[in-house]
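Let me begin by presenting the structure, written as structure tokens, before commenting on it.
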Amino acid sequence: MREFALSYSIHTVLKTGHYETLVTQQLQGQLATLETAVYAIAEKKIGADDAAVFITRHLTQLLGSVLGQLAKNEEVGEQLALANGIIAYLQEKSDVLAAGSHLAPEGQLLRAVLPRLQLPLAAQHDLGKHLDGVEPALRFSQSDLFSGGNSELSLEAELKKEIATADRIDFIVSFVKWSGLRLLLPSLQAFAEQGKPLRLLTTTYMGATDQKAVDALAALPGAELRISYNTAHERLHAKAYLFSRNSGFDTAYIGSSNMSRSALTSGLEWNVKVTAQDNAAILNKFRGTFETYWNSPEFEEYSSLPEQRLKLARALRQENSGAAEPDSLPNFRIRPFPYQQEILDRLAVERSLRGHFRNLVVAATGTGKTVVSAFDYARFAKQFTTLPRLLFVAHREEILRQARATFRHILGEANFGELWVGAEQPVQFEHLFVSVQTFASRLDFFQQTIPRDYYQYLVIDEVHHLAAASYRPILAWFEPTILLGLTATPERADGESILPDFDNTIAAEIRLPEAIARGLLVPFQYFCITDPVDYRNVRWTNGRYAAEDLTNVYTGNDVRVSAILSSHAKLTV
């Protein structure tokens, strides 16, 4: 082999800054010229384990420079001879290298060893041409960066080729869009039909996943999917694709591309291709982290079973609604206050000793009527192997959302309950929080679809409205095991009583004065002023003044306005 001179140095000009490199003799000489009064120099002795890594890296750089110089001669023989000379020297120094580690003099690169009968007929006649079509443009042993946009190399095209040459596949993405999956689906179908394993981890985060895409993946033979529904605490943002090969030439793509059309094609996404040949440690960490997620209870197994499809549909719809839900589960166990426990105990007595299952609870606003109902339902549910069917009726959407959040917290079920109010539409109807307006407008649906005894536990909030026409059909149709009415003011202005609907009994109560006396509510003060308006000509109908007459009296009444402003001024002085 001919001799040549090559000067190699990492640091041709030593600059200030942070380093992590072995000290060569040349670098040692440069450091010696620096004045210690001007420059602070830090060195440390390298450990045995680190030495193998850093020395290998240093030798790789040196050898790469030398082989690159030889490559200019366009002769592979000299490069092979140099490599074999080094291998021979290493074999003399250690028995680690197996016999036959020398490179073959022909300089051949093994591309594949494949079962011939599993190859297409054309590939059997010209395997090289076939491999040119299915192998990634970037080599199995070379890491690189995909910057997306108008770059010449498409991530979509490379992933298809990675799929075609892999033996096992593991994907982890925040969301899966049909627009992205349809690009890869033919390749994934061909992969799965060969009996090769495919696993996917994804989430319902932001409702971005398309159920059609998830179901299409779940339908692939041998495919396994797991989904995280706990987006409030576990917000998975990872986007990574791992392709394992029996040959050991594994590859992975880690970056910003979810499985969507734009992310895989024209989007300005950055993804790093990592290979086992030059970044084995990163791929090993990928595998270990993936297995941790896969075996975590946060990720639930998904298949095309009806109940799982319904759960996914509900979770995606909830995320898409954009409504801020106070439904993240707390990190502590909620217990009833003593006065709430008293109410619960009284309810238990009413049912067990007196046989009353239509129970009225009167509790001042702010004392937690909904909390009591959730604890009572949780106690009732202990009789069943699955949560009994629940219907919660209220007159406002905000109350329904807060009620559902309360039930979720107390039951420890983050996905408990569906809303039927406004734009919200239920899927299963088993645990339903519905507005009285929705119930009235969909009465025919309930009477034709939902059996009378379907709901085992029925809660009516603000039950003092029960005498109204919109509420009566609820009791007229449903025959629950337990009926629980909640109100702060059971007495109605029109004189109608709701007690007959509850066995003429108030099961438990904590009125406003008692709540204040117990320190549960803040005391209040009234500031009254003399009202100069004459109401003698205002009509009194159905327990109240006629709104039209009041409007006529108040509009343009400068005397009344002046009296209010004057009194307010005195109070604020």
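The values are calculated or read from the model by the stated rules, or taken from the named source; none is laboratory data. Small disclaimer: the values here were computed from a predicted structure and weren't measured. All Cβ positions, glycine included, derive from the backbone under ideal geometry; neighbour counts span all protein chains shown.
Give the range 288-300 a look and list any residue that's of a type outside the set (S, T, Y) and without any contact (Cβ under 8 Å) to a residue 60 or more places away in the chain, or say none.
If the condition is that a residue be of a type outside the set (S, T, Y) and without any contact (Cβ under 8 Å) to a residue 60 or more places away in the chain, then G288, E291, N295, P297 are the ones that fit.
Which one is surrounded by the fewest Cβ atoms within 10 Å (Cβ to Cβ), of the residues in the range 216-230 that are among the aliphatic types (A, V, I, L, M) and more than 18 Å from S296 (Cβ to Cβ)?
Going residue by residue through the range 216-230, those that are among the aliphatic types (A, V, I, L, M) are 216-220, 223, 225, 227.
Then drop every residue that is not more than 18 Å from S296 (Cβ to Cβ), which leaves 216-220, 223.
Details: A216: 19, L217: 24, A218: 18, A219: 12, L220: 17, A223: 20.
Among those that are among the aliphatic types (A, V, I, L, M) and more than 18 Å from S296 (Cβ to Cβ), it is A219.
Quick one: which residue in D167, D210 is out of contact with any Leu (no Cβ under 6 Å at 6 or more places or on another chain), more than 27 Å from A137 (Cβ to Cβ) and of a type in the set (D, E)? Can you show your working first?
Details: D167 fails: more than 27 Å from A137 (Cβ to Cβ).
Just one listed residue meets the conditions, D210.
Of the numbered conditions (1) in a helix (DSSP H, G or I); (2) assigned by TED's automatic domain parsing to the domain that holds S266, L117 fails exactly one; give the number of that condition.
(2)
Which ones in the range 29-68 are more than 30 Å from G107 (Cβ to Cβ), at pLDDT 85 or above and part of a helix (DSSP H, G or I)?
Once the filter is applied, which keeps residues that are more than 30 Å from G107 (Cβ to Cβ), at pLDDT 85 or above and part of a helix (DSSP H, G or I), the range 29-68 yields G29, Q30, L31, A32.
For the range 360-385, enumerate the residues that are among the β-branched types (V, I, T) and either within 17 Å of I482 (Cα to Cα) or crowded, with 20+ Cβ neighbours inside 10 Å (or both).
Within the range 360-385, V361, V362, T367, T370, V371, V372 meet the criteria.
Please specify each residue of the range 347-357 satisfying the condition of being surrounded by fewer than 19 Cβ atoms within 10 Å (Cβ to Cβ) and under 41 Å from the mean Cα position of the chain (by Cα).
Listed by number, the residues that qualify are A348, F357.
Can A213 be described as closer than 17 Å to I163 by Cα, among the small types (G, A, S) and surrounded by 13 or more Cβ atoms within 10 Å (Cβ to Cβ)? Working first, answer last.
On the way: closer than 17 Å to I163 by Cα: no; among the small types (G, A, S): yes; surrounded by 13 or more Cβ atoms within 10 Å (Cβ to Cβ): yes.
Taking the combined requirement at face value, the residue does not satisfy it.
Residue pairs, Cβ under 6 Å, 6 or more apart or interchain, first in the range 117-129 and closer than 18 Å to A190 by Cα, second outside any helix (DSSP H, G or I). List them.
none
Considering only the range 316-353, state which residues are modelled with pLDDT of 75 or more and among the acidic types (D, E).
Once the filter is applied, which keeps residues that are modelled with pLDDT of 75 or more and among the acidic types (D, E), the range 316-353 yields E319, E342, D345, E350.
Please list, ordered by first then second residue, the pairs with beta carbon atoms under 8 Å, 6 or more apart or interchain, first in the range 86-114 and outside the structural domain of R139 (by TED's automatic domain parsing), second surrounded by 10 or more Cβ atoms within 10 Å (Cβ to Cβ) and among the acidic types (D, E).
R111/E135
In this structure, does L145 turn out to be under 30 Å from the mean Cα position of the chain (by Cα) and either modelled with pLDDT of 95 or more or crowded, with 21+ Cβ neighbours inside 10 Å (or both)?
no
Quick check, is E418 touching a helix residue (DSSP H, G or I) at 6+ places or on another chain (Cβ under 7 Å), under 18 Å from V459 (Cα atoms), of a type in the set (D, E, K, R) and in contact (Cβ under 8 Å) with a residue 12 or more places away in the chain?
Criteria met by E418.
Can you name the residue in the range 409-435 that is more than 18 Å from F375 (Cα to Cα) and of a type in the set (G, A, S) and, of all such residues, is surrounded by the fewest Cβ atoms within 10 Å (Cβ to Cβ)?
A423
Could you tell me whether any residue of the range 181-189 is at pLDDT 80 or above, in contact with a strand residue (DSSP E or B) (Cβ under 8 Å, 6 or more places away or on another chain), among the charged types (D, E, K, R) and within 17 Å of Y241 (Cα to Cα)?
No, because not a single residue in the range 181-189 is at pLDDT 80 or above, in contact with a strand residue (DSSP E or B) (Cβ under 8 Å, 6 or more places away or on another chain), among the charged types (D, E, K, R) and within 17 Å of Y241 (Cα to Cα).
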